[in-house]
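Colleague: Before I ask anything, let me first share the structure, which is written out below as structure tokens.
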Amino acid sequence: MSKKDADEITLTINLRKAYNAPRKKRANVAIRLLHTFIQRHFHVTYVRIDEKLNKYLWSRGAEKPPRKVTIKVNKVEEDLAEVSLA
């Protein structure tokens, strides 16, 4: 197993807390929830979100982001993690 495979993890993240935000800000809050989750669990400072994941979170507009999302997290450097859609 290579180092890249060891650092890549697939997770399902619940984004239901985004629905406590005002209607027009829910997708922004979902992105922020994703950032803070990755920072807290992977002990990184910077999180890079893939374009496909960003489009998926915004696919139904700002008012109705998905409630759950399955992602792949790859820790590239000591304080950088890349997040993509699984």
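Read-outs: derived from the displayed coordinates by stated rules, not from any lab. Only a predicted model underlies this, so the values are computations on that prediction, with no experimental measurement involved. Counting neighbours? That spans all protein chains shown, and the Cβs are built from the backbone with ideal geometry, glycine included.
Colleague: If r is the Cβ-Cβ distance from residue 41 to residue 63 and R0 is 35 Å, what FRET efficiency results, to the nearest 0.05?
Modeller: That pair, residue 41 with residue 63, gives E of 0.80.
Colleague: Give, in nm to one decimal, the length gained when the segment between residue 55 and residue 70 is fully stretched (0.36 nm per residue of separation minus the Cα-Cα distance).
Modeller: Details: separation 15, 0.36 × 15 = 5.40 nm, distance 1.39 nm.
Going from the current span to full extension adds 4.0 nm.
Colleague: With 18 Å as the limit, write out which pairs from 25/55; 17/75; 17/64; 24/55; 24/64 have Cα-Cα distances beyond it, or answer none.
Modeller: Checking Cα-Cα distances, 17/75 exceed 18 Å.
Colleague: Could you work out the relative contact order of the chain, using alpha carbon pairs under 8 angstrom and six or more residues apart, expressed as a whole percent?
Modeller: For the chain, the relative contact order is 39 percent.
Colleague: What distance in nm separates the simple spin-label points at residue 11 and residue 80, each placed 7 Å from Cα in the Cβ direction?
Modeller: 1.9 nm
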